[in-house]
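To keep things clear, I will list the structure first and then write my remarks on it.
The values are calculated or read from the model by the stated rules, or taken from the named source; none is laboratory data. Just so we're clear, the structure is a prediction, and the values are computed from it rather than from any experiment. As a convention, Cβ positions derive from the backbone with ideal geometry for all residues, glycine included, and neighbour counts pool all protein chains shown. Protein only, heavy atoms only, side chains kept; ligands, DNA and RNA dropped before computing areas. Shrake-Rupley method; radii C 1.70, N 1.55, O 1.52, S 1.80 Å.
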Amino acid sequence: MAGTTVEWYDFFLYGVAAAVVFPAVFFPSSDQAAGTLLALGTFAIGFIARPIGGMVFGHFGDKIGRKTLLVVSLVMMGVATFAIGLLPGYATIGIAAPLLLVVLRLVQGFALGGEWGGAVLIVSEHGDPARRGYWASWPQAGVPFGQLLANGLLFLLSAVQNDADFISWGWRIPFLLSAVLVLIGLYVRLSVEESPLFKEAQARAAKLAAAGEKEALPIVEVFRRYPREVFTAMGARFAENVSYYIFTIVITTYVTQRLGLSSSFVLGAVLIGAAVHLVTIPIWGALSDRIGRKPVYLLGAAGVGVWAFVFIALVDTGNFALTALAVVGGLVFHGAMYGPQAAFLSELFGTKVRYSGVSIGYQLASVVAGGLAPIIAVALYTTFDSGYAVSVYVALSAAVSIFAVGTYAETRTRDLAADPAVSGSAAR
């Protein structure tokens, strides 16, 4: 959870800054909406790099272990984020500023692509199988914790500084402070033992290699033996990913540009939502241990699809309490998907390809779901002059996840030491 918090702090810090600060610093334009879309485009670029990172980190994570790759991903993310904090703006170095920003964003995306799979597997493969949903949800809770830190610092700075100072230099402070968080994350991750299930699988692989049997590449094995599982993971992610960025990132541009309210107004609302999200994710994970992954996940998917319409109605009031309620409600339903998600995806694949499988399924969905969500949402409410166009978008995404999860078997009782493709536990 500590390492995940650091990495998502860095990633979300960029997302909020892309909506609030970067249009003015890196993409000056007479058209505010155009500048925002360009800045959010760099946010999406980070998602393009994530599947590549997932494949590379997944491959080596399945070959040499989860722990080593987690340390590498954390260092890469921290260095890129610190460098963004030092990057001169367009007014200083011209076109080189947005180009360097894109490069650093690609590094962030690549590192994050390998982060999630390793973090949840370290916990899933260590923990008590009867409480796998609960324990595996804690790295997930690192996501709102990271957002809580990112939004909290930006909220504090925007509240105590005037807009000119915040745009000029204040926004850089949270990016530079990421160096401290990286050191804390490294200390924790270096002290964690490698997954016992991976050690056992590696020992078996060594015996087979000694007997002359050659292993296929993990990524090849994933698509050869688990194609349905990859698409199930992608579909499950769709509503979760789209709704999250609507409720936490798009709301920033929607409230500041469409409703004309301050950035501190919306950052405060998201801050409250992130705090509730942090608390509810483990609760949903624990509930999935009792009644199954599917019912909890389906509740969350259906919930965000319906709540998206309530969300816009509440936000459009311009009332802070109702806006905070809109974010809280959306993130509570989102948590019903995100809480059991780590255990659910871990239970889809065998140990020797699990890092590759969960990373590929998780990150491929990120490109078409989360990566495009801010751009699509801004284009929708700008084109149709209504936030309800975004609600329809979330509802359609929810339908995709309901179909993917609803048509797959319950996974709660699966043995992670067994191979689903061999044992027959993957039967629909």
Checklist outcome for this item: Residue count, the range 252-310, condition touching a Lys or Arg at 6+ places or on another chain (Cβ under 6 Å) and either hydroxyl-bearing (Ser, Thr, Tyr) or open to solvent by 10 Å² or more (accessible area, probe 1.4 Å) (or both), comes to 1
Next on the checklist: Regarding the range 412-427, can at least one residue be identified that is polar (S, T, N, Q), surrounded by fewer than 24 Cβ atoms within 10 Å (Cβ to Cβ), at pLDDT below 90 and in a helix (DSSP H, G or I)?
Outcome noted: yes
Checklist entry - Considering 347, 410, which residue is in contact with a Gly (Cβ under 9 Å, 6 or more places away or on another chain) and among the acidic types (Asp, Glu)? => result 410
Next on the checklist: Go through (1) of a type in the set (Phe, Trp, Tyr); (2) surrounded by fewer than 22 Cβ atoms within 10 Å (Cβ to Cβ); (3) within 14 Å of the chain's Cα centre (by Cα) for residue 320 and report which single condition fails.
Outcome noted: (3)
Checklist outcome for this item: Counting only helices (runs of 4 or more DSSP H) entirely within the range 60-129, those with at least 3 residues that are within 20 Å of residue 10 (Cβ to Cβ) and open to solvent by 60 Å² or more (accessible area, probe 1.4 Å) are 66-86, 96-124
Checklist entry - Any idea which of (1) open to solvent by less than 10 Å² (accessible area, probe 1.4 Å); (2) in contact with a His (Cβ under 8 Å, 6 or more places away or on another chain) is the one residue 390 doesn't satisfy? => result (2)
Next on the checklist: Checking residue 232 against (1) under 13 Å from the mean Cα position of the chain (by Cα); (2) of a type in the set (Val, Ile, Thr); (3) at pLDDT 90 or above, only one condition comes out false. Which one?
Outcome noted: (1)
Item to check | Filter result (over 17 Å from the mean Cα position of the chain (by Cα) and farther than 22 Å from residue 197 by Cα) within the range 99-122 | outcome: 99, 100, 101, 102, 103, 104
Checklist outcome for this item: Checked against (1) open to solvent by 40 Å² or more (accessible area, probe 1.4 Å); (2) within 30 Å of residue 343 (Cβ to Cβ), residue 167 satisfies every condition except (2)
Next on the checklist: Return the residues of the range 338-386 that are open to solvent by less than 10 Å² (accessible area, probe 1.4 Å), hydrophobic (A, V, I, L, M, F, W, C) and either under 13 Å from the mean Cα position of the chain (by Cα) or within 17 Å of residue 126 (Cα to Cα) (or both); say none if nothing qualifies.
Outcome noted: 342, 343, 344, 345, 348, 349, 358, 365, 369, 373
Checklist outcome for this item: Taking the range 42-65 and keeping only residues that are small (Gly, Ala, Ser) and either under 17 Å from the mean Cα position of the chain (by Cα) or modelled with pLDDT of 80 or more (or both), one is left with 44, 46, 49, 53, 54, 58, 61
Checklist outcome for this item: Restricted to the range 187-228 and to residues being modelled with pLDDT under 80 and of a type in the set (S, T, N, Q), the residue most open to solvent (accessible area, probe 1.4 Å) is 202
Next on the checklist: I'm checking my understanding of the structure. Among residues of the range 273-297 that are free of Cβ contacts under 8 Å to residues at least 40 places away in the same chain and among the β-branched types (Val, Ile, Thr), which one is nearest to residue 135 (Cα to Cα)?
Outcome noted: 279
Next on the checklist: Cβ contacts < 9 Å: first residue free of Cβ contacts under 8 Å to residues at least 24 places away in the same chain, restricted to the range 299-325; second residue part of a loop (DSSP other than H, G, I, E, B) and small (Gly, Ala, Ser), any location; separation 6+ or different chain. Result?
Outcome noted: 313/387
